[in-house]
Amino acid sequence: MLNRFIRELRIEFYWMKKELTRRWHLDTPIGIVGVIAVLSGLGLFLLIGQGVAKIFRAAIPWVTGTSVSSMYWSSIAFALKVSFVFLVFATSLLLLLWLKTHYRR
């Protein structure tokens, strides 16, 4: 009974994967780069929102002498994360636009 259930699930997942691949064109470079661009854009949006919230929370009580270093290093870490995610987003967006204009000519 369990083997039959697992077999049915495998068949269902196989056809679900085929349908998603065909519907969203994930078998083409444009589809893959599009998904990467959307996910990195969403990650950038969330990361910037978290950074603004962290800066806002840290700025409400005035930064005292003991927390200056933690505020400094958290801003450096935030800048590194945002710059990396923005680099991935910008690269994937440029690659997507290039593929949209030059693919299958």
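Solvent-accessible area of L42, all protein chains in place: 90 Å² (probe radius 1.4 Å, heavy atoms, ligands and nucleic acids excluded).
Sorting the segments 14-25, 45-56 by their mean number of nearby beta carbons within 10 angstrom, highest to lowest, gives 45-56, 14-25.
A straight Cα-to-Cα reach below 27 Å connects K100 with the lysines K17, K18, residues fewer than 8 places away in its own chain not being considered. With mean projected area of the Cα convex hull in nm² defined as stated, name the option among [x] 11.4; [y] 6.4; [z] 10.8 computed from the structure displayed. Matching the structure shown: [x].
Leaving out ligands and nucleic acids, and using a 1.4 Å probe, what accessible area per residue does the chain come to in Å²? Could the numbers behind the result be given before it?
Details: 9020 Å² over 105 residues.
That works out to 86 Å² per residue.
Which value at 222 nm does the chain reach when only helices count, each DSSP H run of 4 or more adding -39,500 (n - 2.57), with the total divided by all residues and rounded to the nearest 500 deg cm²/dmol?
Working: 3 runs with 88 residues, N = 105.
That comes out to -30000 deg cm²/dmol.
Applying 0.36 nm per residue to the separation of D27 and M1 and subtracting their alpha-carbon distance, the gain on full extension is 5.9 nm.
The values are calculated or read from the model by the stated rules, or taken from the named source; none is laboratory data. Being a predicted model, the structure only gives us computed values, none of them experimental. Methodologically, a virtual Cβ is constructed for each residue, glycine included, from the backbone with ideal geometry; neighbour enumeration extends over all protein chains shown. What goes into the accessible areas is simple: the full protein's heavy atoms, side chains included, and nothing from ligands, DNA or RNA. Shrake-Rupley method; radii C 1.70, N 1.55, O 1.52, S 1.80 Å.
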